[in-house]
Amino acid sequence: VDAEAEINEEAVAEWYEAHQGDYLSEEQVVIEYLELDAAGIGGEVEVSEENLRARFEEQQARFIAPESRLASHILIEVDPEAPQVDIDTAEKTAEELVARARTGEDFAQLATENSQDLGSAASGGDLGWIEPGYMVAAFEEGLYGLTIENPVSDPIQTRFGWHVIQLREIRPSEGMTFTEARDILLAEYQAEQDEIRFLEQADRLIDIIYEDPTTLDAAANELGLEVKTAGPFGRQGGFDGVAANPEVVKAAFSDLVLAQGSVSDPVDLAPNHMVLVRVAEHMPEALKPMDEVRGQLIAAVQSQRAMEAAQARAEAILERVSAGEGLAA
């Protein structure tokens, strides 16, 4: 077989007829779609300074770290329901420890030797940094009544017993002022309002489509949206925009949209961001015209002839070897 022989039209046509499955165009669609996005749904909303200030007050914990205090304590345990003599004895022990601490004895050593709080005694009574609301009210009131100059409390009674508290350090309140937090609060308010309007429009959009699921025009006109197009693209999707989103591609080739001609169910692109699609044009898989693929056909015939020629040479060599001849031609 001569692989270099001219490829005539008959050979090309025969190959084309015998291998039509290799020369099919990809099934593709062009879609129309409506896009609804909370981020671009409308202009800025108006909000009063009073509203923003109220939100700041309600959410101060986000913007302001309260004053915290580094504290240690000694606990002399006694049940508040115990006999009064036991309560008084425990209080007297606590008073003695207060006096010792205030006259210069090491508080951590006193706590290690005397505190009955198993969780902190071994570490010298250390409770770490404490913020408001962390401890029971009586303890917290006693702690926040201390100063660096007068750091040891009188005995303070809680349901656990009698506490002697030592204030070791104060970390002041810090955070944003209202002025500093205002832009954050305003942006959050805007986002909330955008989401509300998005949900309202999404509900209305779906209602309109439900009334006539064959068109996007009615919904676009009522809601002031633009009917956009994308494609053509196949079942593997496109390279950019909505055509690159797998869920959009899945919807476009679904039975509801492709076969029944209906608008799709909403497809979420992101939170508060969705599209609805319909097929504007469907291009089924089809045999490409022979002229369009002529170059591929000629290359395929040439490749086939080259393979046949190589096989013929191999068979000839094998025959000579089998007959006892040498490999030289």
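Could you name the aspartates and glutamates in cross-link range of LYS250, using Cα to Cα under 15 Å and dropping any fewer than eight places away on the same chain?
Within the straight-line cut-off, LYS250 pairs with GLU27, GLU32, ASP265, ASP268.
Helix-only estimate, please: 222 nm mean residue ellipticity of the chain, summing -39500 (n - 2.57) across DSSP H runs of length 4 or more and dividing by its residues, to the nearest 500. All intermediate terms of the calculation are to be shown ahead of the outcome.
Working: 10 runs with 136 residues, N = 329.
It lands at -13000 deg cm²/dmol.
Tell me, what ³J(HN,Hα) does each residue in region 260-273 have, in order and in whole Hz, if you take phi through Karplus 6.51 cos²θ - 1.76 cosθ + 1.60 with θ = phi - 60° and put x for Gly and Pro?
My calculation for region 260-273 gives 8, x, 8, 6, 6, 5, x, 10, 7, 8, 6, x, 6, 8 Hz in order.
For ALA280, what residues show an amide H to amide H distance below 5 Å, using hydrogens built from the backbone and excluding near sequence neighbours?
Answer set, sorted by chain and number: VAL30, ILE31, GLU32.
Heavy-atom accessible area per residue, the chain, 1.4 Å probe: how many Å²?
59
Can you list, largest first and rounded to whole Å, the semi-axes you get for the chain by taking the square root of 5 times each eigenvalue of its Cα gyration tensor?
Working: eigenvalues 1398, 289, 55 Å².
That gives 84, 38, 17 Å for the three semi-axes.
With a cut-off of at most 15 other beta carbons within 10 Å, and DSSP calling the residue loop, which GluC sites (Glu not before Pro) in region 29-84 qualify? Please list them. Before the final figure, lay out each step's value.
Numbers: sites: GLU32, GLU35, GLU44, GLU46, GLU49, GLU50, GLU57, GLU58, GLU67, GLU77, GLU81; in loops: GLU44, GLU46, GLU67, GLU81.
Hits after loop and neighbour filter: GLU44, GLU46, GLU67, GLU81.
For a quick check, take a GNM of the chain with Cα springs below 10 Å and name the residue from ALA191, ALA202, ALA299 with the largest mean-square fluctuation.
Sorting by GNM fluctuation, first place goes to ALA299.
Got a sec to turn the phi values of region 52-60 into Karplus ³J(HN,Hα) couplings, 6.51 cos²θ - 1.76 cosθ + 1.60 with θ = phi - 60°, whole Hz, x for Gly and Pro?
Computed from phi, the couplings for region 52-60 are 5, 5, 5, 5, 4, 5, 5, 10, 4 Hz.
Tell me, what % of the accessible area of the chain is carbon and sulfur with a 1.4 angstrom probe?
Values: 9630 of 19570 Å².
The nonpolar share, carbon plus sulfur, comes to 49 percent.
The values are calculated or read from the model by the stated rules, or taken from the named source; none is laboratory data. Not measured: the values here are computed from a predicted model. So basically every Cβ, Gly included, is an ideal-geometry build from the backbone, and we count neighbours across all protein chains shown. Accessible surface areas use protein heavy atoms only, side chains included; no ligands, DNA or RNA. Shrake-Rupley method; radii C 1.70, N 1.55, O 1.52, S 1.80 Å.
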